[in-house]
Amino acid sequence: MQQHFSLAECDVVGFDLDHTLCRYHLPQSARLIYDSFAQYLVTEKGYDEELLTLAPDNLDFCCKGLVLDIEEGNFLKLAEDGTVLRASHGTKSMTFEEILEIYGRKEWKHFNTVSGMVSRTAKYYLYDNYFDLPGALLCARVVDSLDQHDGQKKYDFWKDMVAAIQHNYKISAFKEDSGMYFPEVKNHPDKYLQKCPESVKKWLKQLKNAGKILLLITSSHSDYCRLLCEHVLGNDFEDYFDILITNALKPGFFSHTPNQRPFRTLENDEEQEALLSLDKPGWYSQGNAIQLYDLLKKMTGKLDPKVVYFGDSMHSDIFPARHYSNWETVFILEELLGDKGTVPAKTESEPLEKKGKYEGDQLKVPYFVSKQWGSFFMDRLPGLENAEETLVHTWSCKCISTYSTIAIPSLEAIADLPLDYRFTRFSSNSSAIAGYYPSPPRALLPNEDSVMMK
């Protein structure tokens with residue numbers, strides 16, 4: 001495997017939309033998502049009204065990479081070998097002794113299926129993106145509430161949570177103005193959506209001018225996609241892309257066959273008949289990576305065009321694009337901004353233009369480093385029987401170096417680089433931190449104990 005990766009060598013550049021090309025104001029969108037699910041549980045399913053109130057520090061609970069053990073009502077942070085590093089029952093952190101008693105110092109029983117990225121079962125749920133994450137806090141508070149009122153030992157709230165998600169995000173909700181989520185974003189887009197930086201727009205044009213084919217592949221439906229793109233990129237957003245695919249239903253887009261998931265044309269945002277093949281660029285719905293790749297071969301005139309895909313979800317974007325399609329993958333990981341700890345004093349006095357793009361943004365971010373869960377990348381594993389504690393990588397961190405080509409905090413971080421810039425890729429023959437750009441998370445650097453919160 002070569003050590004370097006360059007966009008100049010790629011024929012096709014694909015993008016996810018939400019939290020990749022379109023970035024959100026996280027504190028506001030987290031609150032909206034939480035409220036939209038909570039409202040449904042309280043009004044439609046009769047859950048405790050206390051779920052509707054949220055203290056400002058409640059969102060600290062939200063941390064990417066958590067797994068909800070649904071039957072037990074426990075949230076788990078897993079080490080790369082599948083052992084439980086930290087856990088909470090509902091929102092309440094469990095002690096090391098409680099974790100040992102319930103889970104032992106061994107691989108968690110569902111780790112095998114979780115690590116195969118099969119994360120849709122009634123036994124557990126993996127929280128790996130900002131659309132899901134506020135739901136983790138809500139589920140934890142539901143467990144607290146059920147314990148308080150019913151003293152339950154096994155939990156069956158998950159079906160109601162799924163109903164809340166479906167109610168708010170279903171395809172027809174945007175058009176019907178149903179649920180809380182879509183009507184609110186429609187009415188106040190500026191409150192939730194960040195404009196795409198000019199540097200990124202310029203970069204997209206530069207990619208196209210260099211002869212790259214540009215794809216947009218999003219699981220959002222076409223009407224919501226249009227709202228987002230017009231707001232963040234402008235009314236001419238379609239000019240940036242050769243092929244737009246909405247309602248892609250990832251990760252199935254990558255894993256399903258053409259028969260299981262054909263492409264469909266769109267008319268006024270309504271899906272039309274299934275297509276037997278994909279013959280030309282344009283805007284489509286659903287679909288599969290196999291037929292898309294056939295079209296890319298035709299468009300590039302190459303037997304094996306090289307594709308890179310940018311996305312923010314390990315489960316829906318990065319893992320399936322790598323595993324099923326063998327595409328290069330660039331992981332958008334906003335946690336790279338927050339895991340730097342505090343800015344050292346010596347940079348405080350430097351003139352603003354000398355500071356990195358993100359140093360001033362850290363305070364606006366709601367939950368990059370959760371006090372309750374610690375670093376997304378590393379954690380301490382207490383020693384048994386007076387042995388020394390050890391520092392271990394989290395399972396989330398292991399996934400990054402296994403399935404991503406490189407990881408970056410945002411598109412903006414690379415937009416000013418020349419297209420032939422050579423990134424050092426994650427690969428087995430380089431260090432575990434090689435693929436992070438512009439720099440590795442502080443937690444992964446040697447002797448950085450300060451970031452590993454107790």
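The values are calculated or read from the model by the stated rules, or taken from the named source; none is laboratory data. Quick caveat: nothing in here was measured; it's all calculated off a predicted structure. Note: ideal-geometry Cβ built from the backbone for every residue, glycine included; neighbour counts use all protein chains shown. Note: areas computed on protein heavy atoms with side chains; ligands, DNA, RNA excluded. Shrake-Rupley method; radii C 1.70, N 1.55, O 1.52, S 1.80 Å.
If only the Cβ of Lys and Arg carry +1 and only the Cβ of Asp and Glu carry -1, the dipole of the stretch 1-100 around its Cα centre is close to 280 debye. Work out the FRET efficiency for Ala210 and Gln28 from their Cβ-Cβ distance, taking R0 = 41 Å, and round it to the nearest 0.05. That pair, Ala210 with Gln28, gives E of 0.70. For the chain, the fraction of 1.4 Å probe accessible surface lying on carbon and sulfur atoms is 50 percent. The residue list Thr43, Ile102, Thr113 was ranked by how far each Cα lies along the charge dipole of the stretch 26-188 toward its positive end, using unit charges on Cβ atoms, and Thr113 comes out on top. Normalising by residue count, the chain has a Cα convex hull of 155 Å³ per residue. As a length-normalised measure over Cα pairs under 8 Å and 6 or more apart, the relative contact order of the chain settles at 22 percent.
Put a dot 7 Å past the Cα of Ala163, heading toward its Cβ, do the same for Lys45, and the two dots end up 0.7 nm apart. The rule of thumb for compact globular proteins, 2.2 N^0.38 Å, goes into the C-alpha radius of gyration of the stretch 30-79 1.30 times. If only the Cβ of Lys and Arg carry +1 and only the Cβ of Asp and Glu carry -1, the dipole of the chain around its Cα centre is close to 1040 debye.
Of interest is the spacing of the C-alpha centroids, which for the stretch 216-286 and the stretch 5-55 amounts to 20 Å.
Based on Cβ point charges of +1 for Lys and Arg and -1 for Asp and Glu, what charge dipole magnitude is obtained for the stretch 180-285 about its Cα centre, in debye rounded to the nearest 20? Could you put the intermediate results ahead of the total?
Working: 13 positive and 15 negative charges, 111 e Å.
Charge dipole of the stretch 180-285: 540 debye, to the nearest 20.
Hey, what's the Kirkwood Rh for the stretch 26-188 if you take every pair of different alpha carbons, in angstrom? For the stretch 26-188, the Kirkwood estimate is 16.5 Å. Spin-label pair Lys123-Ala387: with each label point 7 Å from Cα along the Cα-Cβ axis, the two points sit 2.7 nm from one another.
Taking label points 7 Å from Cα along the Cα-to-Cβ direction, His149 and Asp57 give a separation of 2.6 nm.
Just for the chain, what percent of DSSP beta bridges are antiparallel, to the closest 5? Here the antiparallel bridges make up roughly 55 percent for the chain. Under 14 Å Cα-Cα from Lys298, which aspartates and glutamates qualify once same-chain neighbours fewer than 8 residues away are excluded? Reachable aspartates and glutamates: Asp11, Asp242, Asp279. Restricting attention to the stretch 26-188, the count of lysine pairs at 8 or more positions apart or across chains with alpha carbons under 15 Å apart stands at 10.
Positive end of the dipole of the chain (Cβ unit charges, origin at the Cα centre): among Pro197, Ser325, Ser375, the Cα lying farthest that way belongs to Ser325. The residues of the stretch 26-188 have, on average, 43 Å² of accessible surface per residue, using a 1.4 Å probe with all protein chains present. Using the Cβ of Gly282 as centre and a radius below 10 Å, the other residues enclosed give a net charge of -2, where K and R count +1 and D and E count -1.
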